[in-house]
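Engineer: The structure under discussion is supplied below as C-alpha cells; questions concerning it will follow.
The values are calculated or read from the model by the stated rules, or taken from the named source; none is laboratory data. Being a predicted model, the structure only gives us computed values, none of them experimental. Quick reminder, even Gly has a Cβ in these numbers, built from the backbone with ideal geometry, and neighbours come from all protein chains shown. Just so you know, the surface numbers come from the protein's heavy atoms only, side chains and all, with ligands and any DNA or RNA stripped out. Shrake-Rupley method; radii C 1.70, N 1.55, O 1.52, S 1.80 Å.
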Amino acid sequence: MDFLQRSLIEPLFVLGEVVDEKKSCNPSSLVQRLSRFLDRPLFPWKRLILGFSIGQYVFETFLTLRQYSVLQQVKPPAVLAKEISQETFDKSQAYGRAKARFDIVSGLWAQIQNVAFIQFDVLTKMWSWTGDLLLRWAPARFSGEISHSIVFVMTFIVLQQMLSLPTRVYNTFVLEEKFGFNKQTPKLFVTDMIKTNLLTAAIMPPILAALLKIIQKTGNQFVFYLWVFTAGLQLFITTAYPIFIQPIFNKLSPLEDGALKTKVEALAQGHKFPLQELFVIDGSKRSAHSNAYFYGLPWKKHIVIYDTLIEKTQTEEIIAILAHELGHWKLGHTTRLFGISQAHLLYVFSLFSIFINNVSLYSAFGFSATRPIVIGFILFSDALSPLDTVIKLLFNIISRKFEFEADAFAKTLGYRSDLAASLIKLHAQNLSTMDADWMYASYHYSHPHLSERLKALDWKPREALTSEKDKDDAVVKASGRDEL
C-alpha cells in the first residue's frame, strides 16, 4: 500500500449514462455521476487493485531488463570514447547491473508485502488493533477518528520500516560498500533511523490531525481548503527543512574565503541572485556521493555545497555546476514546477472527493461498519496508481526539458567546456549510468543521461578527463535536485 499521492485523468463522461449538454458542463454533476458509477455493490476493487499492483511490477521489471542489456555493453558511447577510461566504464556498468538486480529483488519483496496486505486484509486488522490500544490505554477524549488515525499511521510507518530494513541494510552495507560509496557506520545508520522516527513522531500527528479536521469540518467542500493548507505547508517545509531539520543530521559551515567564494558571489551578483549565505555541508560522513543546492525565500537565498564536491572538483567546474542551477532559478523552473505540482495536488484532492464516501471500496477491504478518511485515501491511492504512471511520465518530460534549458543557460555564460568536463568527471567518479534504454529513461529519469546532455552541449571528444585514479573512494555526484 502506498501513501504517495496518486492521480488519473478526469473522465469527461460516465460509461453507460447519457448526459445532456447542459448537465455535462457542470463539474458537480460529473463528480456525482462518476461517484455513483464507481460505488456499486460487488465492484471487484480488491482484484482490480491487486491486478494494478502486479501489472506495475511486471512492467517496471520489463523496463529494468531492457536497461540491463544496455548495461552489458562493453564500449562507452561514442561521445565519451576519449574521455572515459575502459576500466572506469567497466566499473560503472558493473555498478549499474548490481543496482538493477537489487531493484528487481527489492521490488519483488515489496510486491510480496503488498499482495499480503491486500489478500489478508492487513489494513482492517491494523485499524481494529490500534483502536483496541486506544480504548485500553488512552483517555476517553482520544478515542475519536483523528487520534485513532494518528496511532494507525504511526504503527503503519513502523511496520513498513521493519519490513524494508533488510533491503536498506543490504543496499547501504553491501551494495554501496562494495563500490566504495558507503561512509556510514552501523552506529550512524541506527542513530539516523532513531532521529527520523522521533522527528516523524513530533511532526506527523499535528499535520495529519489538521488535514483530517479540515475534511471533517468542511464536508464535501474540503478540496479547496485542503489544497490551500497543503500548499502553505509545502512552502513552510521547503523553507524550514534546511534551517531546522537538516542540521540535526549534518553540520553546515560558512564557506571559507577564497577563489571559490569570490567567484560564486560574483556569479550571483551578476545575475541579481539574492544570495544571503554560502554553506559547506559535511556530506562525506555518510556517503561519497555529493550535492549542491539552493534554498530559501524568493528574496533571500542560500547555497549549500557538499564537502566532497569541493574536495574533488575544480573551482571553475563547481562554478559551471552552480551556473546550471542558477539557470533553473533565472528561467523560473522552480516556480513553474511548484505551480505544476500544486495543480496536480488540487487535481488529486478533487478526485479523492469522488472516492471518500465510496461504500463498495471500503467494504471490499473489510471496512463495512466504518469509513475512516485515512483508510479511504490509502485505498484511493492504490486504486488510481496506474494513471500515476502517466503523470510521472509527463513530469519527467517537463523536468528533462528544464535540465536541457539550464545546461543551455550555463553554456551562454561561457561554461560549456567546464560544465561538460564536470559532468563527465562526476559521472565517472560516481559510476553513474552513461547511457540508457530510451523506454527505461523515459519512465525513470527526471534528468537526461550523460550522452544526451553532452550532445546537446555540442561537446566534441578530445582527451581523457578521467583515469584509473577514479577508483579512489572520492566519488561525487553534483546536483541541485536529484542529480545535476
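Engineer: With respect to Ala288, is the statement that it is among the small types (Gly, Ala, Ser), touching a residue at least 12 places away in the same chain (Cβ under 8 Å) and open to solvent by less than 40 Å² (accessible area, probe 1.4 Å) true? Break it down stepwise before answering.
Structural biologist: Values: among the small types (Gly, Ala, Ser): yes; touching a residue at least 12 places away in the same chain (Cβ under 8 Å): yes; open to solvent by less than 40 Å² (accessible area, probe 1.4 Å): yes.
In short, yes.
Engineer: Continuing with the same structure: Which one is modelled with the lowest pLDDT among residues in the range 200-251 that are farther than 20 Å from Phe355 by Cβ and among the small types (Gly, Ala, Ser)?
Structural biologist: Residues of the range 200-251 that are farther than 20 Å from Phe355 by Cβ, as a first pass: 200-207, 209-210, 228, 231-251.
So of that shortlist, the ones also among the small types (Gly, Ala, Ser) come out as 201-202, 209-210, 231-232, 240.
Details: Ala201: 94, Ala202: 94, Ala209: 97, Ala210: 97, Ala231: 93, Gly232: 93, Ala240: 85.
Ranking the candidates gives Ala240 first.
Engineer: In the range 371-413, how many are among the polar types (S, T, N, Q) and either without any contact (Cβ under 8 Å) to a residue 60 or more places away in the chain or farther than 30 Å from Gly131 by Cβ (or both)?
Structural biologist: Pass one, the range 371-413, residues among the polar types (S, T, N, Q): 381, 385, 389, 396, 399, 412.
Still in the running and either without any contact (Cβ under 8 Å) to a residue 60 or more places away in the chain or farther than 30 Å from Gly131 by Cβ (or both): 389, 396, 399, 412.
The total comes to 4.
Engineer: Continuing with the same structure: Of these, Gly51, Gly96, Gly55, Gly107, which one is in a helix (DSSP H, G or I) and under 26 Å from Ala420 (Cα atoms)?
Structural biologist: On the way: Gly51 fails: under 26 Å from Ala420 (Cα atoms); Gly55 fails: under 26 Å from Ala420 (Cα atoms); Gly107 fails: under 26 Å from Ala420 (Cα atoms).
Being in a helix (DSSP H, G or I) and under 26 Å from Ala420 (Cα atoms) holds for just one of Gly51, Gly96, Gly55, Gly107, which is Gly96.
Engineer: Give the residue, chosen from Lys46, Lys23, Lys91, Lys75, that is modelled with pLDDT under 85 and on the phi < 0 side of the Ramachandran plot. Step through it out loud before you land on a result.
Structural biologist: On the way: Lys46 fails: modelled with pLDDT under 85; Lys91 fails: modelled with pLDDT under 85; Lys75 fails: modelled with pLDDT under 85.
Unique residue meeting the criteria: Lys23.
Engineer: Next question. Could you please let me know if Arg336 is open to solvent by 40 Å² or more (accessible area, probe 1.4 Å) and closer than 21 Å to Glu403 by Cβ? Step through it out loud before you land on a result.
Structural biologist: On the way: open to solvent by 40 Å² or more (accessible area, probe 1.4 Å): yes; closer than 21 Å to Glu403 by Cβ: yes.
The answer is yes for Arg336.
Engineer: Is the range 144-157 home to any residue that is assigned to a helix (DSSP H, G or I) and closer than 30 Å to Lys91 by Cβ? Lay out the reasoning, then the answer.
Structural biologist: Restricting attention to the range 144-157, the residues satisfying the condition of being assigned to a helix (DSSP H, G or I) are 145-157.
From what is left, the residues that are closer than 30 Å to Lys91 by Cβ are none.
There is no residue in the range 144-157 that is assigned to a helix (DSSP H, G or I) and closer than 30 Å to Lys91 by Cβ.
Engineer: Here's something else I'd like to know. Name the pairs whose Cβ atoms lie under 6 Å apart, with the first residue in the range 298-312 and modelled with pLDDT of 85 or more, the second charged (D, E, K, R) and open to solvent by 30 Å² or more (accessible area, probe 1.4 Å), and 6 or more positions between them or separate chains?
Structural biologist: Filtered contacts from the range 298-312: His302/Glu277; Asp307/Asp282.
Engineer: Still on this model: Within the range 420-442, can you find the residues that are in contact with a Lys or Arg (Cβ under 7 Å, 6 or more places away or on another chain) and among the hydrophobic types (A, V, I, L, M, F, W, C)?
Structural biologist: Matches in the range 420-442: Leu423, Leu426, Leu431, Met439.
Engineer: Please state which of the following conditions Asp418 fails to meet, knowing it meets all the rest: (1) at pLDDT 95 or above; (2) in contact with an Asp or Glu (Cβ under 7 Å, 6 or more places away or on another chain); (3) within 30 Å of Gln269 (Cβ to Cβ).
Structural biologist: The number of the failed condition is (1).
Engineer: Something else now. Does Phe380 satisfy being in a helix (DSSP H, G or I), within 30 Å of Arg47 (Cα to Cα), modelled with pLDDT of 90 or more and touching a Lys or Arg at 6+ places or on another chain (Cβ under 8 Å)? Even if it seems obvious, please write down each step before you answer.
Structural biologist: Numbers: in a helix (DSSP H, G or I): yes; within 30 Å of Arg47 (Cα to Cα): yes; modelled with pLDDT of 90 or more: yes; touching a Lys or Arg at 6+ places or on another chain (Cβ under 8 Å): yes.
Answer is yes for this residue.
Engineer: Can you pull out every residue in the range 428-454 that is closer than 19 Å to Glu316 by Cβ and in contact (Cβ under 8 Å) with a residue 60 or more places away in the chain? Break it down stepwise before answering.
Structural biologist: Residues of the range 428-454 closer than 19 Å to Glu316 by Cβ: 428-429, 453-454.
Across the range 428-454, the qualifying residues are Ala428, Gln429, Leu454.
Engineer: Would you pick out the residues in the range 270-321 that are among the hydroxyl-bearing types (Ser, Thr, Tyr), over 26 Å from the mean Cα position of the chain (by Cα) and not in a loop (DSSP other than H, G, I, E, B)? Working first, answer last.
Structural biologist: Keep residues of the range 270-321 that are among the hydroxyl-bearing types (Ser, Thr, Tyr), which gives 284, 287, 290, 293, 295, 306, 308, 313, 315.
Keeping just the survivors that are over 26 Å from the mean Cα position of the chain (by Cα) gives 313, 315.
Passing the criteria: only Thr315.
Engineer: Just checking, how many residues over the range 213-244 are exposed (fewer than 15 other Cβ atoms within 10 Å of the Cβ) and within 17 Å of Ala292 (Cα to Cα)?
Structural biologist: 4
Engineer: Taking the range 347-377 as the search range and keeping residues that are surrounded by fewer than 16 Cβ atoms within 10 Å (Cβ to Cβ) and among the hydrophobic types (A, V, I, L, M, F, W, C), which one is modelled with the highest pLDDT?
Structural biologist: Of all residues in the range 347-377, those surrounded by fewer than 16 Cβ atoms within 10 Å (Cβ to Cβ) come to 357, 359-360, 368-370.
Within this subset, residues satisfying the condition of being among the hydrophobic types (A, V, I, L, M, F, W, C) are 359, 369.
Details: Val359: 93, Ala369: 87.
Ranking the qualifying residues of the range 347-377, first place goes to Val359.
Engineer: Here is a follow-up. I'd like the residue in the range 316-333 that is without any contact (Cβ under 8 Å) to a residue 60 or more places away in the chain and crowded, with 16+ Cβ neighbours inside 10 Å and, out of all such residues, is farthest from Leu235 (Cα to Cα).
Structural biologist: Applying the first criterion (without any contact (Cβ under 8 Å) to a residue 60 or more places away in the chain) to the range 316-333 yields 322, 329, 332.
Of the ones still in play, those that are also crowded, with 16+ Cβ neighbours inside 10 Å are 322, 329.
Details: Leu322: 23, Trp329: 16 Å.
Of everything passing the filter in the range 316-333, Leu322 is farthest from Leu235 (Cα to Cα).
Engineer: Would a scan of the range 249-265 turn up a residue that is surrounded by 11 or more Cβ atoms within 10 Å (Cβ to Cβ), in contact (Cβ under 8 Å) with a residue 60 or more places away in the chain and more than 25 Å from Asn197 (Cα to Cα)?
Structural biologist: Checked the range 249-265: no residue is surrounded by 11 or more Cβ atoms within 10 Å (Cβ to Cβ), in contact (Cβ under 8 Å) with a residue 60 or more places away in the chain and more than 25 Å from Asn197 (Cα to Cα).
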